[in-house]
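My questions all concern the structure below.
The values are calculated or read from the model by the stated rules, or taken from the named source; none is laboratory data. Computed from a prediction, not measured in an experiment: that's the story for all the values here. Note: ideal-geometry Cβ built from the backbone for every residue, glycine included; neighbour counts use all protein chains shown.
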Ligand code: ATP
């Protein structure tokens with residue numbers, strides 16, 4: 001039976017930006033994966049700001065990935081209660097895609113700061129692969145601080161999962177700030193996402 005290699009790319013995507021798309025493509029290629037599913041969170045347990053409505057973030061992802069046959073998007077976290085726990089998402093996709101699927105949860109190095117506090121994180125490490133990619137402005141992924149917290153075999157798997165992605169200096173926080181200041185962010189947002197933001201007056205963009 002074929003082990004379909006699937007990468008789950010979770011986050012707020014508030015909004016999705018070219019950094020997400022570029023590292024997503026790089027990881028698909030590097031890991032020789034069959035598909036990548038974007039999974040917008042209803043509300044991340046790690047973020048304090050209130051994101052744009054889930055339907056808007058979903059719609060922007062749909063527009064941004066149009067034409068890429070290996071990218072798709074799932075609304076599974078948007079349809080569940082808050083907060084959005086990654087562990088529940090992994091169990092959801094195991095059921096949805098079948099036991100044979102090879103599942104990888106993808107995240108940037110910025111997420112490592114409180115990774116050991118994630119909901120049932122040791123169970124998460126045992127039921128899927130977790131791949132950590134490089135992120136501009138953050139140290140390259142290092143798991144030494146988790147020695148004694150996670151089992152040695154879990155640390156080894158984390159180390160093996162590191163992907164040296166291109167460093168792209170962009171964040172949704174900065175984009176939201178620029179949009180609120182009236183800038184269009186043409187260099188960091190897909191055109192289709194800019195049009196969506198304008199037509200729905202998101203992030204304080206002008207009416
Ligand atoms: P915010 O500024 O609101 O925190 P963000 O730009 O970090 O947003 P998220 O939607 O939180 O975007 O990111 C989803 C995932 O993508 C996270 O795992 C994050 O680490 C990763 N990521 C986001 N931007 C980049 C980037 N430029 N390079 C590498 N990884 C990124």
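Could you give every pair whose Cβ atoms fall below 7 Å, whose first residue belongs to region 165-179 and is under 15 Å from residue 24 (Cβ atoms) and part of a helix (DSSP H, G or I), and whose second residue is modelled with pLDDT of 95 or more and more than 6 Å from the ligand (Cβ to nearest atom), counting only separations of at least 6 or pairs across chains?
172/15; 172/17
What is the number of the single condition among (1) within 15 Å of the ligand (Cβ to nearest atom); (2) within 17 Å of the chain's Cα centre (by Cα); (3) within 21 Å of residue 41 (Cα to Cα) that residue 177 does not meet?
Residue 177 satisfies every listed condition except (2).
Just checking, which of 6, 104, 89, 66 is at pLDDT 95 or above, surrounded by fewer than 16 Cβ atoms within 10 Å (Cβ to Cβ) and either on the phi > 0 side of the Ramachandran plot or more than 10 Å from the ligand (Cβ to nearest atom) (or both)? Walk me through how you get there before you give the answer.
Details: 6 fails: surrounded by fewer than 16 Cβ atoms within 10 Å (Cβ to Cβ); 104 fails: surrounded by fewer than 16 Cβ atoms within 10 Å (Cβ to Cβ); 89 fails: surrounded by fewer than 16 Cβ atoms within 10 Å (Cβ to Cβ).
Sole residue among the options that is at pLDDT 95 or above, surrounded by fewer than 16 Cβ atoms within 10 Å (Cβ to Cβ) and either on the phi > 0 side of the Ramachandran plot or more than 10 Å from the ligand (Cβ to nearest atom) (or both): 66.
Go through (1) farther than 24 Å from residue 164 by Cα; (2) in contact with a strand residue (DSSP E or B) (Cβ under 8 Å, 6 or more places away or on another chain); (3) touching a residue at least 40 places away in the same chain (Cβ under 8 Å) one by one and return the number of the condition residue 86 breaks.
Only one criterion is unmet by residue 86, namely (1).
So, of the residues in region 54-63 that are closer than 12 Å to residue 78 by Cβ and in contact with a helix residue (DSSP H, G or I) (Cβ under 9 Å, 6 or more places away or on another chain), which turns out to be farthest from the ligand (Cβ to nearest atom)? Walk me through it before giving the result.
The first filter runs over region 54-63 and keeps only residues closer than 12 Å to residue 78 by Cβ, leaving 54-59, 61.
Retained after the next criterion (residues that are in contact with a helix residue (DSSP H, G or I) (Cβ under 9 Å, 6 or more places away or on another chain)): 56, 59, 61.
Working: 56: 13, 59: 15, 61: 10 Å.
My answer is 59.
From the list 39, 73, 23, 27, which residue is modelled with pLDDT of 95 or more and more than 24 Å from residue 162 (Cβ to Cβ)? Even if it seems obvious, please write down each step before you answer.
Working: 39 fails: more than 24 Å from residue 162 (Cβ to Cβ); 23 fails: more than 24 Å from residue 162 (Cβ to Cβ); 27 fails: more than 24 Å from residue 162 (Cβ to Cβ).
The unique qualifying residue is 73.
Oh, and also: Kindly indicate the residue of region 107-140 that is touching a residue at least 40 places away in the same chain (Cβ under 8 Å) and in a helix (DSSP H, G or I) and also surrounded by the most Cβ atoms within 10 Å (Cβ to Cβ) among those meeting that condition.
The selected residue is 111.
Here is a follow-up. So which residues in region 15-41 are within 20 Å of residue 194 (Cβ to Cβ) and in contact with a helix residue (DSSP H, G or I) (Cβ under 7 Å, 6 or more places away or on another chain), if there are any at all?
If the condition is that a residue be within 20 Å of residue 194 (Cβ to Cβ) and in contact with a helix residue (DSSP H, G or I) (Cβ under 7 Å, 6 or more places away or on another chain), then 15, 16, 17, 21, 38, 40 are the ones that fit.
Evaluate region 110-130: report whether one residue or more is over 17 Å from residue 46 (Cβ atoms), out of contact with any strand residue (DSSP E or B) (no Cβ under 9 Å at 6 or more places or on another chain) and within 16 Å of the ligand (Cβ to nearest atom).
Within region 110-130, not a single residue is over 17 Å from residue 46 (Cβ atoms), out of contact with any strand residue (DSSP E or B) (no Cβ under 9 Å at 6 or more places or on another chain) and within 16 Å of the ligand (Cβ to nearest atom).
Taking region 146-161 as the search range and keeping residues that are over 18 Å from residue 86 (Cβ atoms) and touching a residue at least 12 places away in the same chain (Cβ under 8 Å), which one is farthest from the ligand (Cβ to nearest atom)?
Among them, the one singled out is 151.
Same structure, new question: Mind counting the residues in region 12-52 that are within 10 Å of the ligand (Cβ to nearest atom), assigned to a strand (DSSP E or B) and either touching a residue at least 40 places away in the same chain (Cβ under 8 Å) or farther than 24 Å from residue 81 by Cα (or both)?
1
Return the residues of region 1-10 that are touching a helix residue (DSSP H, G or I) at 6+ places or on another chain (Cβ under 9 Å) and either without any contact (Cβ under 8 Å) to a residue 60 or more places away in the chain or not in a strand (DSSP E or B) (or both); say none if nothing qualifies. Write out each step before concluding.
Filtering region 1-10 down to residues touching a helix residue (DSSP H, G or I) at 6+ places or on another chain (Cβ under 9 Å) leaves 4, 6-10.
Passing the criteria: only 4.
Could you list, in sequence order, the residues of region 141-164 that are surrounded by fewer than 16 Cβ atoms within 10 Å (Cβ to Cβ) and part of a helix (DSSP H, G or I)? If you could, list the steps in order and put the result at the bottom.
At the first step, the residues of region 141-164 found to be surrounded by fewer than 16 Cβ atoms within 10 Å (Cβ to Cβ) are 142, 144-145, 147-149, 151-153, 156, 159-160, 164.
Passing the criteria: 144, 145, 152, 153, 156, 159, 160.
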